[in-house]
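Asker: Dropping the structure in here first, questions after.
Every read-out reported here was derived from the displayed coordinates using simple, explicitly stated rules and does not represent laboratory data. Everything numeric in this text was worked out from a predicted model, so none of it was measured. Quick reminder, even Gly has a Cβ in these numbers, built from the backbone with ideal geometry, and neighbours come from all protein chains shown.
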């Protein structure tokens, strides 16, 4: 029963919402709207679970003095301070907290976010060296395409030759789009097949226990 | 140099992140952990403002008690922490999967398959100027060939021999051009972030660039 009820729920709800899409009535639309709100609410608790797991992980790390445990205090402090400031700051008379929250976002979180992604530029440069070595026809195409796109989006490209931005745009709009569409077809078919497998109970890995 | 304490904090934390380029070090690890905590805290605030407040606090304050049903279903997730009742968390997962998968089948077929097919098809306006590099017949046919060959490249139910091998070879050319374009774009996006950070350090922090 522990597995049968969830499987039955997926089957019934899956078929119902598949049919609902094709029923053009006010009732059908209302059901869709309400279920969407319910789904958001239910999913919000999944995030609570994720946050709980993160807090639990760091508390355990501190308790058991695992490697790098002092840094867990930074994570927990950041989490508590940011969330309390953001939530309490919305209450009347606590505008100062909201101001600090805004500054924490602007001068602490956003710069670190940008810096974290910016250091990837260095690692991508070394990856480019490996990826762009023209050892085959295919690698040459990758190199040429990447080269034109990189030059096409910066002013230097137009300074070298004024047609480079046009070539970059053409690559994006024609061969790149054709490849992306082909991949998207595969993704679409994959999603549809997986959805069907889940609804019909063929795919059961979400139940845990290795799908047995 | 800047006299604003917040600018100093932003600059020092940016440098702490950049210090990883030398090697993993305690300063980087501190910044990394702080960043994780702040990001999760920020997500909690977003969740509170956009979902919890809107869909839980307001409806309950207006005595719309039906809200308690999805709340109760959502709370079943928390049985994850109760070993004997862990199986109850499968109920909200099943509801989410059921609604989402049932609803996504027609939506994905429409958006990812039919709309993409429609976009790929050659249309009559393409005949007006066949050599137009953006909307001409030749380009339209090239897109058709590219899409079909890319799909065939990912078709693994038959061995790639004969015409299928030729088509899949053409497919991999298109895929490589697409990957090159995506790679180039991503590199430049990261570069612009790096330029932004360096500009911040030299302009707002040490005032070297006016």
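Asker: Give me the distance in nm between label points sitting 7 Å out from Cα along the Cα-to-Cβ direction at residue B:165 and residue A:136, one decimal.
Answerer: Between residue B:165 and residue A:136, the label points sit 1.4 nm apart.
Asker: Percent relative contact order of segment B:123-210, based on C-alpha pairs within less than 8 angstrom and at least six residues apart?
Answerer: 16 percent
Asker: Need one word for chain B: rounded, prolate or oblate. Basis is the Cα gyration tensor (sqrt eigenvalues a ≥ b ≥ c); a/c below 1.5 gives rounded, then a/b vs b/c decides.
Answerer: Taking the square roots of the gyration eigenvalues as a ≥ b ≥ c, chain B is oblate.
Asker: Over the alpha-carbon set of the protein assembly as shown, divide Rg by the Kirkwood Rh and report the Rg/Rh ratio to two decimals.
Answerer: 1.02
Asker: For segment A:1-68, I need the span (max minus min coordinate) of the C-alpha atoms along each principal axis, in Å, sorted largest to smallest.
Answerer: Largest first, segment A:1-68 extends 59, 28, 14 Å along its Cα principal axes.
Asker: For chain A, what is the Kirkwood estimate of the hydrodynamic radius, computed as the reciprocal of the mean inverse distance between distinct Cα atoms, to one decimal in Å?
Answerer: 23.9 Å
Asker: If I model a spin label as a point 7 Å beyond the Cα along the Cα-Cβ vector, how far apart are those points for residue B:110 and residue A:187 in nm?
Answerer: 1.9 nm
Asker: Something else now. Other chains near B:3-10: what is the mean number of their Cβ atoms within 10 Å of each residue's Cβ?
Answerer: Partner-chain Cβ atoms within 10 Å, mean over residues of B:3-10: 3.
Asker: Go ahead and set up a Gaussian network model of chain B, Cα springs under 10 Å, then flag whichever of B:42, B:77, B:22 fluctuates most.
Answerer: B:22
Asker: So, one more: So how long is each side of segment B:159-209 along the principal axes, counting just the alpha-carbon atoms, biggest first, in Å?
Answerer: Extents along the principal axes: 65, 14, 7 Å.
Asker: Residue B:138 to residue B:6: extension gain in nm, 0.36 nm per residue of separation minus the Cα-Cα distance?
Answerer: 41.9 nm
Asker: Using helices alone, I'd like the mean residue ellipticity at 222 nm for chain A: each DSSP H run of four-plus residues gives -39500 (n - 2.57), total over residue count, nearest 500.
Answerer: -26000 deg cm²/dmol
Asker: Over chain B, what is the mean sequence separation of C-alpha contacts under 8 Å (at least six apart), divided by residue count, expressed as relative contact order in percent?
Answerer: That works out to 18 percent.
Asker: Another one. Quick one: the Cα spread of segment B:123-210 along its three principal axes, in angstroms, biggest first?
Answerer: Result for segment B:123-210: principal-axis Cα extents of 64, 40, 13 Å.
Asker: Now, a different point. Please give, to one decimal in nm, the separation of the simple spin-label points placed at residue A:106 and residue B:22, each 7 Å out from Cα toward the Cβ.
Answerer: 3.1 nm
Asker: Once Rh is set to the Kirkwood radius over Cα pairs, what Stokes-Einstein translational diffusion coefficient, in µm²/s, holds for segment A:49-148 at a temperature of 4 °C and a viscosity of 1.567 mPa s?
Answerer: 74 µm²/s
Asker: Continuing with this model, one more query. Cut-off 14 Å, label point 7 angstrom out along Cα-to-Cβ of residue A:2: give me the residues of segment B:80-94 whose amide nitrogen falls inside.
Answerer: Zone members listed by number: B:80-91.
Asker: For chain A, what's the relative contact order in percent, using C-alpha pairs closer than 8 Å and at least 6 residues apart?
Answerer: Relative contact order of chain A: 15 percent.
Asker: A further question on this structure: Determine, from the Cβ-Cβ distance of residue A:205 and residue B:195 and an R0 of 56 Å, the FRET efficiency 1/(1 + (r/R0)^6), rounded to the nearest 0.05.
Answerer: 0.80
Asker: Using only DSSP helix segments of four residues or longer, with each worth -39500 (n - 2.57), what per-residue ellipticity at 222 nm results for chain B after dividing by its residue count and rounding to 500?
Answerer: Helices in chain B give a 222 nm mean residue ellipticity of -20000 deg cm²/dmol.
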